[in-house]
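Read through the structure below, which is laid out as structure tokens, and then see the notes.
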Amino acid sequence: NGSHLICTMRVIAIIATVVATLGSGVAAFQSATPSLSACALRPTCARTSVVVSIFGNKQREAEDRARIEAEQEELNARYAAESQRDLVAMSVFGLVTTLPVLYLLSIALTGEGGGGAGVY
């Protein structure tokens, strides 16, 4: 059937477009995300212990606490963005894997397959 062929070509074109978009997004994600081992080697990512005298050094403690909180906020923001990208990638992957199933289901229900038995 001519309409069946056109429908199949449209589905293939949609799948190719989604896969190409997903591929470029994954490549951009991999280039933008530094590895955790590289982060662990930098002095800003490493946790340091503070030696405190008997009376303590309040100003230094406050500065260290502020620095650690800022680093933690930066890590939280980075991981939140990474989680958002993962969610989008999984959603697109789910859509791509669902399209062929929906297409085959529509063929089975409408009987456009030509030689198929259809659903009775």
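A few comments on the model shown:
- Using a probe of 1.4 Å on the protein chains alone, the accessible area found for Ile107 is around 30 Å².
- If R0 is 30 Å, the Cβ-Cβ spacing of Ile6 and Val88 corresponds to a FRET efficiency of close to 0.50.
- With a Förster radius of 30 Å applied to the beta-carbon distance between Glu74 and Thr21, the computed FRET efficiency rounds to 0.55.
- Going by accessible surface with a 1.4 Å probe and the largest first, Arg85, Arg78, Arg10 read Arg10, Arg85, Arg78.
The values are calculated or read from the model by the stated rules, or taken from the named source; none is laboratory data. Worth saying up front: this structure is predicted, and the values here are computed from it rather than measured. Neighbour counts run over all protein chains shown; Cβ positions are idealised from the backbone, glycine included. Keep in mind that these areas ignore ligands, DNA and RNA; they rest on the heavy atoms of the full protein, side chains included. Shrake-Rupley method; radii C 1.70, N 1.55, O 1.52, S 1.80 Å.
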